[in-house]
Amino acid sequence: MKEAGRIPLERLYNTRDLGGIETTDGRRIRPHRLIRSGQLSGMTERDARVLAEEYELKTVVDFRTEREKEESPDPVPEGITYLEIPILDELSVGITRDRESEKRMLKLLTRKLDSGVDAAAEYMQDLYRNMVKQEYCRRQYRRFFDVLLRQKEGAVLWHCSAGKDRVGVGTAYLLWALGVPDETVYADYRKVNELTRAIVDRELSRISGKIPDERLLECLRSLMQVQDSYLKSVQDEIEKEYGSLDAFLEREMGLDKVARQCLRDKYLEPKAEG
């Protein structure tokens, strides 16, 4: 089972080339075409050069809200098309990484902790289900697929803030549409925990003095990483509302048989003979 490989960059820790991931029929995603990432605000000149020259980056799709972009703007290199497709509105607490939403999230979690449930899992599963249920979110992901279908050459990079939730769901939709098996989709989804562990540890250490409640700190760790149950809630909601993943991709993402075949021809290598 081939997972997306991290691109060795200086300041971007969760930027991955999906190239080489195998589909159920034995085809593989073309290298240097599909790149998932966290925010680009820390990108160095060398990082920009590697993406532009070695990976032939042509298009950047920013999934973040306006407030997130204002706080950490993208340093988009010259000659690269930059597209804004915010997946969530400004009031989607918990996934967006602007300061105001983080404050509201802490208040909500503090209230939930005393209920005895897994506050983080319940909270994130609700947010993920909403990415399926909310028409605005579905429409924005459909715009993302429109970009992928129109791309003629080079790589497309899509990112949010951490590159785990909005990017995680969008990447799962894409991998499913390309025919990648669930096992590989989930392995790619979980990879973010490994790549960002040091960053999460550092951030929790930084704020631990301000948050004496150990339960809340562990809850925050769960929010800053991913669990299979978060993505599974997306699949469950799709099954509940649409009957099948294929029906959802066709009806809401605009991927009928023709569009889906176009997507596969564009981003998958030919099937090996013999």
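The values are calculated or read from the model by the stated rules, or taken from the named source; none is laboratory data. Every value quoted in this text rests on a predicted model; they were computed, and no experiment measured them. Backbone-built Cβ (ideal geometry, glycine too); neighbour counts: all protein chains shown. These accessible areas exclude ligands, DNA and RNA; they are computed on the full protein's heavy atoms, side chains included. Shrake-Rupley method; radii C 1.70, N 1.55, O 1.52, S 1.80 Å.
Table for the structure above
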item	result
Members of the range 146-174 that are at positive phi and in contact with an Asp or Glu (Cβ under 7 Å, 6 or more places away or on another chain)	154
Enumeration of residues in the range 55-97 that are of a type in the set (Asp, Glu), under 24 Å from residue 19 (Cβ atoms), at pLDDT 95 or above and surrounded by 13 or more Cβ atoms within 10 Å (Cβ to Cβ)	62
Qualifying position, being within 17 Å of residue 127 (Cα to Cα) and either open to solvent by 70 Å² or more (accessible area, probe 1.4 Å) or of a type outside the set (D, E, K, R) (or both), among 242, 186, 173, 267	173
Residues of the range 252-263 satisfying the condition of being on the phi < 0 side of the Ramachandran plot and either open to solvent by less than 10 Å² (accessible area, probe 1.4 Å) or outside any helix (DSSP H, G or I) (or both)	253, 255, 256, 263
Residue that is surrounded by the most Cβ atoms within 10 Å (Cβ to Cβ), among those in the range 115-170 that are under 21 Å from residue 84 (Cα atoms) and basic (Lys, Arg)	166
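Table: residues versus (1) more than 30 Å from residue 41 (Cβ to Cβ); (2) assigned to a helix (DSSP H, G or I).
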residue	(1), (2)
163	no, no
177	no, yes
187	no, yes
198	no, yes
215	yes, yes
235	yes, yes
239	yes, yes
250	yes, yes
